[in-house]
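I have placed the structure first, in the form of structure tokens, so that the comments after it can refer back to it.
The values are calculated or read from the model by the stated rules, or taken from the named source; none is laboratory data. This is a predicted model, so every value here is computed, not measured. Note that we place each Cβ from the backbone using ideal geometry, even for glycine, and neighbour counts take in every protein chain shown.
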Amino acid sequence: MIIYGTAILAICHLLGVYIGDVLGQLIGVKANVGGVGIAMLLLISARTALQRRGWMPARTEDGVGFWAALYIPVVVAMAAQQNVVAALKGGPVAVISAITAVIACACVIALINRTGPKQDDAWKSGTSVDTL
Amino acid sequence: MEMIEHALRANSLVAAFAFVGIIMWISVYLSRWLTFGRIHGSAIAIAIGLALAYWGGIKTGGSKGLADIKLFGGIGLMGGAMMRDFAIVATAFEVHVDEAKKAGLIGVISLFLGTIIPFIIGASVAWIMGYRDAVSMTTIGAGAVTYIVGPVTGAAIGASSDLMALSIGTGLIKAIIVMVFTPLAAGFMGLNNPRSAMVFGGLAGTVSGVSAGLAATDRRLVPYGALIATFHTGLGCLMGPSVLFLATKALVG
């Protein structure tokens, strides 16, 4: 059933966010520490464990895949509710620091990625992604 | 007309699905016929989203862009943190575990660089522009990390509210630049495999900037970048009011 997949996703999400909150409290910061990342790791482990036992039929996978495919539209909706007006009101300090920070980071990204090992294309296979 | 408005308001989330679907359709069409596929449809859709957010902000004076207009209230739910994180977690289903493991260490290194480099730049720009005390420099520097790290750090070290607003503005502009320019700079940054996406996730910061930027570049790279970026805010909130503030204080007194 499709809802099994969505339920597994939801449980991993909630557990991850909970662990992230607890982690944040343990190290004394007022923020969630990696909750979404932990949820992603939980989902990956759940997938591996269930697939090994053969408990992950295609219908169940669809319950996760649908939400993964909705990702870009959700991001578009997210863009549409950013506080763009306030961002632009920040004045020259905000604009200059943001632009300089992005340029510097882009250069470091380029540097690291150009010095890294060559990658094969194996990661492109086996995904059932809507190309958009 | 009133009946239509009522239908849209009473079913705001459903209306948002329809509205975003139409934006996507227009964007894909524009991408194909205006740019001959050179600019990805989702990049255009995100740019349209930001433009609409600006319009909504001007029109209502609120802080949530288009979502402050009652007719488009569902956009707030659809693009809110809950749905965004739910969809991001779902993309983890497509992660190739071996690829992610191979890039684990460089991902963590990028995460630290992605906190320290923007902070130093933000704090330096603040200093050049006349904000010469440690609290102002730290708050603006932390804003250059992400727009959440900025106010969290500012609140912890006792910054004034206009400083916090400035810091949030810095972070927001950074996120918007990352969203819009990532697809254009993807070739320069070598953004074409999971390892590079994880490096990007660590350095570019902000889940919203990273996820939208990668989505507009290559949808398959999203989970790798998001996996690292999600630790960005936590690390920034940890380092901002502590190590980074103390270092700034030691430098400028």
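Can you find a residue in the range B:61-83 that is more than 7 Å from every other protein chain (Cβ to nearest Cβ) and crowded, with 22+ Cβ neighbours inside 10 Å? Yes: one or more hits.
So that you can scan it fast, the table gives a plain yes or no per residue for (1) more than 9 Å from every other protein chain (Cβ to nearest Cβ); (2) in a helix (DSSP H, G or I); (3) hydroxyl-bearing (S, T, Y); (4) closer than 30 Å to B:D133 by Cβ:
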| residue | (1), (2), (3), (4) |
| --- | --- |
| B:L163 | yes, yes, no, yes |
| B:G171 | no, yes, no, yes |
| B:R195 | no, yes, no, no |
| B:L203 | no, yes, no, yes |
| B:L214 | yes, yes, no, no |
| B:G236 | no, yes, no, yes |
| B:P241 | no, yes, no, yes |
| B:F245 | yes, yes, no, yes |
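In the range A:28-43, the condition of being out of contact with any helix residue (DSSP H, G or I) (no Cβ under 7 Å at 6 or more places or on another chain) and not charged (D, E, K, R) is met by at least one residue. Of the residues screened, A:T100 is not one that is in a helix (DSSP H, G or I), hydroxyl-bearing (S, T, Y) and within 24 Å of B:R219 (Cα to Cα). No other residue among A:V36, A:V75, A:V85 is facing another protein chain (nearest Cβ under 9 Å), crowded, with 24+ Cβ neighbours inside 10 Å and within 30 Å of B:W55 (Cα to Cα) apart from A:V75.
The conditions of being in a helix (DSSP H, G or I) and within 8 Å of another protein chain (Cβ to nearest Cβ) are met by B:V89. Residues of the range B:173-191 that are β-branched (V, I, T) and either more than 7 Å from chain A (Cβ to nearest Cβ) or over 12 Å from the mean Cα position of the chain (by Cα) (or both): B:V180, B:T182.
Looking at A:I8, A:I44, just one residue is farther than 30 Å from B:V243 by Cα, among the β-branched types (V, I, T), surrounded by 14 or more Cβ atoms within 10 Å (Cβ to Cβ) and touching a residue at least 24 places away in the same chain (Cβ under 8 Å), and that residue is A:I8. Listed conditions (1) among the hydrophobic types (A, V, I, L, M, F, W, C); (2) facing chain A (nearest Cβ under 7 Å); (3) more than 16 Å from B:A216 (Cβ to Cβ) are all met by B:V20, apart from (3). Of everything in the range A:91-132, what is among the hydroxyl-bearing types (S, T, Y) and modelled with pLDDT of 90 or more? Give them in sequence order. Matches in the range A:91-132: A:S97, A:T100. On the stretch given as the range B:147-165, residues that are among the hydrophobic types (A, V, I, L, M, F, W, C) and under 21 Å from A:V85 (Cβ atoms) total 4.
Residue under question is B:A144, and the condition is that it be under 17 Å from the mean Cα position of the chain (by Cα), facing chain A (nearest Cβ under 7 Å) and free of Cβ contacts under 8 Å to residues at least 12 places away in the same chain; does it hold? It is false that B:A144 is under 17 Å from the mean Cα position of the chain (by Cα), facing chain A (nearest Cβ under 7 Å) and free of Cβ contacts under 8 Å to residues at least 12 places away in the same chain. On the basis of being under 21 Å from the mean Cα position of the chain (by Cα) and under 20 Å from B:A186 (Cα atoms), does B:G76 make the cut? In short, no. Going through the range B:35-53 one residue at a time, which ones are modelled with pLDDT of 85 or more and either surrounded by fewer than 17 Cβ atoms within 10 Å (Cβ to Cβ) or hydroxyl-bearing (S, T, Y) (or both)? Within the range B:35-53, B:A51 is the sole residue that qualifies.
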